[in-house]
Structure formats: C-alpha cells, structure tokens
Amino acid sequence: MAALDPDLKKAIVHMPSTEKDKLLLRLVAKDAILTEKLQFELVERGQTIDERRELIREFILRTATLNADSPGWLMMDMRTVSGYISRHLKVTKDKYGEVELMLNMLNTFYDHNAHLLHKYNSRSDKAAEYIAKRTDQVLKKAAKLDPDYHIEFADEINKLLQWIHSNAPVHYARQLGLPKEWIV
C-alpha cells in the first residue's frame, strides 16, 4: 500500500465532513472484511462472538459429513472451512476461538472421514501433509494462549495427536517434530 502524499492528507483533512463521510462509506463498502469487522465492533459491540463460533461449528459439521470420496476432496473441504476460521479471526481477533475452531475442524473431519487417511499413499499425501501442518499451527497457537486455557484443549489436542501418529499424517508429523502427547 502506497503512503499518502502529505499534501493529499492535508486536503482530505480540510474537506467538509459530509464529503469525508460519503467518501469513507464508499471506501468501507469496498472491503468486505472491514465492513464485517466494523459491524462486529460497532453494531454488535463484540457481543456475538459465541454465535459466530457456533455458526462455524455447524458449518464444520455439515462439511465434514458430506462424505468426501477421496483425500483430495477432504483436503479441499478442510481448506474451505479453514478460510472461514481465518476470516473469523480477522473480524473478531478471537485467538481462543481460532484454536478451538481449528481443533474442532480437525477432530470432526477425523471422526467422519478417518477411513480416507488410514494408509499413507500417493492419493493421501497432500491431505496428510496439510493435516500435519495444521496440527503444528494449532499447537503453536494454543501454546501462546494463557496457560489456564491449556487444560481446556488438552483432551482434544491429545485425541488429534493420537490419530495423526497412527494414520497417514505420521510421516509429516515426525518431520515437523509433533509430540505424541500434549502435556499440560
């Protein structure tokens, strides 16, 4: 993003407030994430975070139960869900929710689609790598949260780690140095 010319800054500051308001509204409307963020902060006053998380949990469950017929389709579905989680973080700055939703996604997809990633082969390679990398990210993000939250995530993280170390992602888990157990 280019820096504004100082003369342009002065000219904008001296514009009549009605013109500035119109310009601001036009600019905000062009950025969907900024619009949603302002809606969350100014209108909802940050009080709808639980409802937003629940909508994503429902989306995770619906997507995980679509019965993907290959590891490739499974990975594409997980990437779609991951995009919604990233958007949630950009809008709400909810780091706890990001970890909780990512764990929910990985474990829900495992619960409904483990048969696709039981064995490592050329078809499961990319999905196995994706799952291992996502697990690594979620472990790092969980570790950065307040230690009081660690106990809340321990069971879900350990379930995920146990699955990863006994199925297709194990090769990538070893490469990334993922633990076999998350100790609180």
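Brief remarks follow.
- Sites LYS119 and THR80 - FRET efficiency at Förster radius 30 Å, r taken between beta-carbons, to 0.05: 0.75
- Exceeding the 22 Å Cα-Cα cut-off - candidates LYS133/LYS159; LYS90/LYS144; LYS95/LYS140; LYS93/LYS159: LYS93/LYS159
- Sulfur and carbon atoms: percent of accessible area, the chain [1.4 Å]: 55 percent
- GluC sites (Glu not before Pro) within region 145-184, DSSP loop, no more than 12 other Cβ atoms inside 10 Å: GLU181
- Legend: calculated FRET efficiency, GLU51 to LYS20, from the Cβ-Cβ distance at R0 = 41 Å, rounded to 0.05, equals 0.80.
- Helical runs assigned H by DSSP (4 residues or longer) give the chain a calculated mean residue ellipticity at 222 nm of -23000 deg cm²/dmol, each run adding -39500 (n - 2.57) before division by the residue total.
- Cα→Cβ-extended label distance, 7 Å offset, between ASP69 and ALA143, nm: 4.1 nm
- For LYS9 and THR35, the difference between the fully extended length at 0.36 nm per residue and the C-alpha to C-alpha distance is 7.1 nm.
- In loop segments of region 87-184 as defined by DSSP, the trypsin sites (Lys or Arg not before Pro) with at most 13 further C-beta atoms inside 10 Å of their C-beta are LYS119, LYS180.
- Where the chain is the region considered: accessible area per residue in Å², 1.4 Å probe: 64 Å²
- Cleavage-rule hits (trypsin sites (Lys or Arg not before Pro)) in region 13-69: DSSP loop, at most 14 neighbouring Cβ within 10 angstrom: LYS30, ARG45
- Debye intensity ratio in log₁₀ form over the Cα atoms of region 93-143, taken at each q of 0.15, 0.23, 0.31, 0.32 Å⁻¹: -0.45, -0.87, -1.18, -1.21
The values are calculated or read from the model by the stated rules, or taken from the named source; none is laboratory data. Everything quoted here is computed from the prediction, not taken from an experiment. Glycine also receives a Cβ, built like all others from the backbone with ideal geometry; neighbour counts cover every protein chain displayed. Heads up: the accessible areas ignore ligands, DNA and RNA and are worked out on the full protein's heavy atoms, side chains in. Shrake-Rupley method; radii C 1.70, N 1.55, O 1.52, S 1.80 Å.
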